[in-house]
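Here is the structure we will look at, set down as structure tokens.
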Amino acid sequence: GEFQPGTTSWTTIPTATTVSVNMLHDCGNVVVFNSKGHLQDVTLDTMIDAIPPATSKSSFALVTGAHLMPSVTAGLSQLLMMLSTMGWTTALSHDRPFEGWTEDTRAVFLSWVRATDCILMREHELCAVMEEDDVEEAEKALVKTLADHQVLVVQRGRTRADGFYQGQMVTASIDEFESSDPVGYSDI
């Protein structure tokens, strides 16, 4: 009921459903196991056809889980640009690709970064992408590549987030908390 009617339709794919199992370790790391299923069959065209134009300047499109959809991953820059031309402010949350952070996957990810408005990352993924051991150095390295309109948010463990916009940094911290359902935890 919180979403606008144009954004609540579902595209169905006649195949097995993808199932995800998430395990939260005591240290705060989440491990996700996914079965192959309908996400393997999602196409970029099907996705673009289902997206309505944004209804206001405060409309955000969160793109997450793209690594689970090979056909979408291949055209993710196109999807991000299309969303932008439709009036959406784009936010990209991307986990480690199945093949790991290689020279090729880093280059592809950084091309997506250039095509989005807001980049959401966990600290260990940021360090891997930027090939830095130190989180602050990795943040500085990625921030140097951002355009003036782009925002970077880095999840630092379970209790802190660093945000960067136009060269300025803001840090937010909270007290440790118990999370019984980590699905979407970092995106939220």
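The values are calculated or read from the model by the stated rules, or taken from the named source; none is laboratory data. This is a predicted model, so every value here is computed, not measured. Positions of Cβ are backbone-derived with ideal geometry, glycine not excepted, and every protein chain shown enters the neighbour counts. What goes into the accessible areas is simple: the full protein's heavy atoms, side chains included, and nothing from ligands, DNA or RNA. Shrake-Rupley method; radii C 1.70, N 1.55, O 1.52, S 1.80 Å.
Suppose we filter segment 86-112 for residues that are within 20 Å of V154 (Cβ to Cβ) and of a type in the set (D, E, K, R); how many remain? Within segment 86-112, residues that are within 20 Å of V154 (Cβ to Cβ) and of a type in the set (D, E, K, R) number 3. Scanning segment 86-117 for residues that are under 13 Å from F60 (Cα atoms) and either out of contact with any strand residue (DSSP E or B) (no Cβ under 6 Å at 6 or more places or on another chain) or free of Cβ contacts under 8 Å to residues at least 40 places away in the same chain (or both) yields M86, G87, W88, T89, T90, A91, L92, D117.
The set of residues in segment 26-44 that are without any contact (Cβ under 8 Å) to a residue 12 or more places away in the chain and either touching a strand residue (DSSP E or B) at 6+ places or on another chain (Cβ under 7 Å) or under 15 Å from T73 (Cα atoms) (or both) contains only V31. Of all the residues in segment 116-166, those that are touching a Ser or Thr at 6+ places or on another chain (Cβ under 7 Å), among the basic types (K, R) and surrounded by fewer than 14 Cβ atoms within 10 Å (Cβ to Cβ) number 1.
Reported count of residues in segment 1-19, each being modelled with pLDDT under 85 and open to solvent by 60 Å² or more (accessible area, probe 1.4 Å), is 11.
Checking each residue in segment 94-129 for being of a type in the set (K, R) and closer than 26 Å to M82 by Cβ picks out R96, R106, R114. Among the conditions (1) closer than 30 Å to T159 by Cα; (2) of a type in the set (A, V, I, L, M); (3) in a loop (DSSP other than H, G, I, E, B), I13 misses just one, which is (1).
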